[in-house]
Amino acid sequence: MLPDEIISEILSPALKVSEELFSDTSDVSPFSNYTPSTSDYLLVCKDWLRVATPLLYNVVVLRSKAQANALQQVLKTNPEFGLFIKKLRVEGGFGTAMHTILKSAPNITDLFISLSIYSSDGTGGLCKGLHLVNPHRIILVDPNVVRPLKNKQLDALKTALFDCIRSWCNLRIFGYPDIGRYYNLAEWAEKATELSQLLAQTQVHTVTFDSLDSIPHWISTLYSIPSLKVLRFQRPLGDKLVSEIESDTQLKKLAKYTRVHKPTHMEPDIAPSLNPFFVPLQSASEEIRETVWRRVLFFAMYTEEMRSPTFSRRTSELYPSRIPVLCVSKYFHRLALPYLLESLRLSFNITGLAQLLEKEPHLGSFIRRIFTAVIPTRSPIYKQAILVVFRHIPCLEVLAPVADSQLSITIELFDELGKIAGHSIQKLSVFLYDTDSDISLSSLQRFTNLHVLDTGGDIRLSGEVSRGTFNVLNTVQDLRIRESILIELFINIRLGSLRTLVLPWTLNGKHAVEDLISVHGQKLHHLTLGPLQAGSPVLDFCPNLTYIKLLDQDDLGKLTPGSQHHALVKISSAGLPKNADPEEVRVMLDMYPNLREIELRQFKWPTTEREISRSNVVPLAESLLLKNIKVFDEEGRQWIPRLKTGNRAFTAVHNALCLEREKFQQTLADYKYPVLTLPTEVTSEIFTRCLLPWPQRPEFKGPHSPSFLLRICRQWRDVALGTPELWSTMRLDIKAHIGPRLRADQLRSLKSWLQRSGDCPLSIDAILRHASRWQALEICLPLHNLRSIKGSRPLLRSLTMGTNRLSLLTFFNPFYITLPWSQITSVTAGLYVYEAAEIMRNAGALETLTVVVHGVDGPIPPISAIPPLPSLHTLILSPSGRADESMGMSALFDALILPGLRFLSTHESFLGRDSVAAISALRPTGYLLRIRIFAASASRGVYQKAFPHTQFVVEEIGEEDDSD
């Protein structure tokens, strides 16, 4: 679990309001953006609720009466929340609730008040509560600078504010109302003088201005404030304002500001090469070198940006001329030239390109995109230049206008373009004209890779025609027709891949439009058209249409399909029909059961409570949200319902949220998680491998416990319960002094684990029942608790009793417990020397023995002969305190024969007077891999000489370091 301080740092970026936003005095509040409430973070868990509540209430922004009423109710129920409020931004009057809010927030240091008050706004609560706070800073804003408001509510607020400013002893910073460019008005000059006289009666030391076009003449009235130290200009100032400040000695001394940043050309910080003969990539192959340099030049020539028709071709500091790159070397010229010619913008310079291509025809193969501006194509000179260019661009992919003015070409030029680039061109936007001939079928057949066609003109298809019979332009997916006369042409062409059709509102002949849609409507997914006739049947012709864009504002009400249209998902309209009743629009939209989005391209959401109450789109958007239809404005922002007063509004929002919740629940229910599709055997193996590595054993509860898997989902629970290996290792901490209820819970958990483990060998950290399946045993409780353990233990191999003193004699008393010493391979314990000897005498299969030897108070019992231990490869003997003869270890070494010993760690005093002889008496038949001697008095050379053929390490460690 994370500490509260860490959780606070994680949540702060999402919950805290920046100083820049809080003090913003723009005409449109920065808090009018349409985003979900940050209070949702408090609903995650109790820890987040506890930590996030002070962060949420640190800065409070009120933009509607409903928000003020809601905050009032919260502070009445939880008055301690008011102590968290340090900054308060009030963007209206908001009635009597403001008195309760200000009364509950005595710790306010920053107060933002909007003077945009209308006669319908109630400022009584605000006026009454202002004297209850004592802020350090106040910011006033009046966005209505052109026509200042005049009403009783605003006058009352100003009077209350002026009285409080005189009495606020903590006030030090005053934010001047945004006077903008209207400061010369007599009314504003009078208001500024009045404020200056008021501030002269306070301890204000800083006055801030948000924006100024020029330094007003009345600013000198602020110099009379005795405590004034700084006049701070919040926004960067231009050279004109700076010069005005510099010319006023008093203002220059008080003013604090920043200049408008002027972008400068940033040269790359690259150190010159120390080797003038250095050649980059000299050792690389030619293929690799060329590939790398091509990629570098791709970015150096900003090729990707040039592929956009709207990208400016004018040189700038950010995008300098590309020609110098070609002049670096012949190698660069060869590699960079294709990027220079890939995307061209042509206007009157097309004649120069034609001359270049006539001299060097091979350059035409580099041209992929041509964006055309205004070209007088009817002039013979430019017409001939276009013909020359078309004859030299065999790889052209895009021919499109820079803006909306198409390139006008004749049928002859169109034929020539098809012959040369018909196989490669993918996007084509041209205006066709020719008074002498019609376009032929063969001309269209040459464009075999065309995907987007945008065309206009006054031409027809030559020859006899019939609807939808000509099998040409089969690759066209996006078609835009700019002239009505062309509709007849495309009615007669099959257009097998057509998916998008755009018919501008300038088209005449509505019946011809309907004929075109009736022929190709079955294929369409996207349709743009307008204006429509009332009762237009276009949707009946397009059963697969998912998106329709209506060009006229009134077209939304003219769509009347004969039956429900189930494919339509999105409608884009210029706006709602004029004088439209939201209820009628909502009923009309019932004809589209799968509609999910409506875009209003010429509408912006209202930003204030007053504007929202007057909008007819807002109630429609909220009612449509109940049907899971989202409404977006011209900036792509979805309307999110605001908090409202009254049960009816609350019910509408509640229903919308319930509908959204049901949608998400259904989505989750239908979703099939890939991990749940794995076979049971695979999932079971994954669970098993997630256990702690042996000899570690999991506790009953916690993230490393198998019981954690039971709470994920039902399928994982079934798999975990059916995997006995998960429950065969456990750690149970049984304490001597615990209550009966906790002990009963431990026993219930243990019983469940043992039942789930089936017949698997057990590894358990406690002395309990089921001893017949013990594989590893760690004793961490008083031995008298072992009395109830009965039966054999055929699988027991490892025994750990800790390093504290335990009476091992009880293990050989049948009244307590009998262990199968003959099968035990590992023992760790704190023992007397004679107890260690007894274990060695009984545990013939012993492989590892670790003993912390304790001193004996009194005579040491004699140690009888111990049978050889051929399997014992590791022997670690260390004293529990200071080693002395009371431990009797020399007698133990005299009785030991360890032919398989590989690692020995012991205190030198345990070996007797002749340590080398004592080690030799153990009779190891192989090489000792390591010997560790504590408190060695003999040097390393002594042991090295005694065991010249043995791989070992002697650690000569002093007595004081024997804890290692």
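Only residues that are at pLDDT below 90 and open to solvent by 10 Å² or more (accessible area, probe 1.4 Å) were counted in the range 490-518, giving 14. Going residue by residue through the range 69-78, is there one that turns out to be modelled with pLDDT of 90 or more and under 25 Å from the mean Cα position of the chain (by Cα)? No, the conditions are met nowhere in the range 69-78.
Conditions tested, residue by residue: (1) of a type in the set (A, V, I, L, M); (2) under 37 Å from the mean Cα position of the chain (by Cα); (3) in a loop (DSSP other than H, G, I, E, B).
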| residue | (1), (2), (3) |
| --- | --- |
| PHE94 | no, yes, yes |
| LYS103 | no, no, no |
| ILE108 | yes, yes, yes |
| ILE117 | yes, no, yes |
| ASP121 | no, no, yes |
| LEU126 | yes, no, no |
| ILE138 | yes, yes, no |
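Does THR96 satisfy the criteria of being open to solvent by 30 Å² or more (accessible area, probe 1.4 Å) and closer than 24 Å to THR159 by Cβ? Criteria met by THR96.
Of all residues in the range 168-187, those satisfying the criterion of being open to solvent by 70 Å² or more (accessible area, probe 1.4 Å) and modelled with pLDDT under 90 are ARG181, ASN184, LEU185, ALA186, GLU187. Considering the conditions (1) more than 26 Å from GLY457 (Cα to Cα); (2) in contact with a His (Cβ under 6 Å, 6 or more places away or on another chain); (3) among the hydrophobic types (A, V, I, L, M, F, W, C), LEU556 is excluded by exactly one of them, (2).
If the condition is being more than 26 Å from LEU198 (Cα to Cα) and touching a Ser or Thr at 6+ places or on another chain (Cβ under 6 Å), then the range 212-260 contributes only PRO236.
Please find, within the range 418-444, the residue that is modelled with the lowest pLDDT out of those that are polar (S, T, N, Q) and buried (at least 21 other Cβ atoms within 10 Å of the Cβ).
At the first step, the residues of the range 418-444 found to be polar (S, T, N, Q) are 424, 426, 429, 435, 437, 440, 442-443.
In the following step, the residues that additionally are buried (at least 21 other Cβ atoms within 10 Å of the Cβ) were identified as 429, 443.
Details: SER429: 92, SER443: 84.
For the range 418-444, the residue satisfying everything is SER443.
Please return the ranges of strands (runs of 3 or more DSSP E) entirely within the range 474-578 where 2 or more residues are of a type in the set (S, T, N, Q) and closer than 30 Å to VAL631 by Cα. Break it down into steps so the answer makes sense when it comes.
Details: elements: 478-481, 500-502, 526-529, 547-550, 570-573.
Output list reads 570-573.
Of all residues in the range 333-371, exactly one satisfies the criterion of being in a strand (DSSP E or B), touching a Lys or Arg at 6+ places or on another chain (Cβ under 9 Å) and either open to solvent by 50 Å² or more (accessible area, probe 1.4 Å) or at pLDDT below 90 (or both), namely ARG345.
Residues that are modelled with pLDDT under 90, of a type in the set (Phe, Trp, Tyr) and more than 30 Å from SER220 (Cα to Cα) occur at least once in the range 264-286.
Could you please let me know if ILE101 is under 20 Å from GLU194 (Cα atoms), open to solvent by less than 10 Å² (accessible area, probe 1.4 Å) and at pLDDT 90 or above? Give the derivation first.
On the way: under 20 Å from GLU194 (Cα atoms): no; open to solvent by less than 10 Å² (accessible area, probe 1.4 Å): yes; at pLDDT 90 or above: yes.
No, not satisfied.
Highlighted here are the strands (runs of 3 or more DSSP E) found entirely within the range 381-454 that include at least 2 residues which are within 27 Å of SER312 (Cα to Cα) and under 47 Å from the mean Cα position of the chain (by Cα): 398-401, 427-432. For the range 711-729, the set of residues classified as in contact with a helix residue (DSSP H, G or I) (Cβ under 7 Å, 6 or more places away or on another chain), closer than 15 Å to LEU678 by Cα and open to solvent by 40 Å² or more (accessible area, probe 1.4 Å) consists of GLN715, TRP716, ARG717, listed by residue number. Residues that are modelled with pLDDT of 90 or more, part of a loop (DSSP other than H, G, I, E, B) and open to solvent by 60 Å² or more (accessible area, probe 1.4 Å) were ranked within the range 287-327; the one that is nearest to LEU396 (Cα to Cα) is ARG307. Residues of the range 913-932 include none that is modelled with pLDDT of 75 or more, under 60 Å from the mean Cα position of the chain (by Cα) and either in a loop (DSSP other than H, G, I, E, B) or under 22 Å from SER822 (Cα atoms) (or both).
Taking the criterion of being part of a helix (DSSP H, G or I), open to solvent by less than 70 Å² (accessible area, probe 1.4 Å) and more than 18 Å from ILE139 (Cβ to Cβ), the residues of the range 4-47 that qualify are ASP4, ILE7, SER8, LEU11, SER12, ALA14, LEU15, THR38, SER39, LEU42, ASP47.
Scanning the range 858-887 for residues that are modelled with pLDDT under 80 and not in a loop (DSSP other than H, G, I, E, B), we see that the one that is surrounded by the most Cβ atoms within 10 Å (Cβ to Cβ) is MET887.
Test SER890 against the stated conditions and say whether it is surrounded by 15 or more Cβ atoms within 10 Å (Cβ to Cβ), under 21 Å from GLY830 (Cβ atoms) and at pLDDT 80 or above. Spelling it out, it is not the case that SER890 is surrounded by 15 or more Cβ atoms within 10 Å (Cβ to Cβ), under 21 Å from GLY830 (Cβ atoms) and at pLDDT 80 or above.
GLN203 meets the conditions (1) modelled with pLDDT of 85 or more; (2) part of a loop (DSSP other than H, G, I, E, B); (3) closer than 24 Å to VAL61 by Cα; (4) open to solvent by 10 Å² or more (accessible area, probe 1.4 Å) in every case but one. The failed one is (3). Cβ-Cβ distances below 6 Å connect the following pairs, each with a first residue in the range 606-631 that is on the phi < 0 side of the Ramachandran plot, a second residue that is surrounded by 17 or more Cβ atoms within 10 Å (Cβ to Cβ) and of a type outside the set (A, V, I, L, M), and a separation of six or more residues or different chains: GLU609/SER64; ILE612/PRO606; SER615/PRO606; ASN616/PRO582; PRO619/PRO582; LEU620/PRO582; ALA621/TRP639; VAL631/TRP639. Close contacts from the range 865-877, counting a first residue that is farther than 13 Å from PRO924 by Cβ and a second that is part of a strand (DSSP E or B) and of a type in the set (Ser, Thr, Tyr), with Cβ to Cβ under 8 Å and a gap of 6+ residues or different chains, come to ILE876/THR850; ILE876/SER905; ILE876/THR906; LEU877/SER905; LEU877/THR906.
The values are calculated or read from the model by the stated rules, or taken from the named source; none is laboratory data. Quick caveat, the model's predicted, so the values are computed rather than measured. All Cβ positions, even for glycine, are placed from backbone atoms using ideal geometry, and neighbour counts span all protein chains on display. Just so you know, the surface numbers come from the protein's heavy atoms only, side chains and all, with ligands and any DNA or RNA stripped out. Shrake-Rupley method; radii C 1.70, N 1.55, O 1.52, S 1.80 Å.
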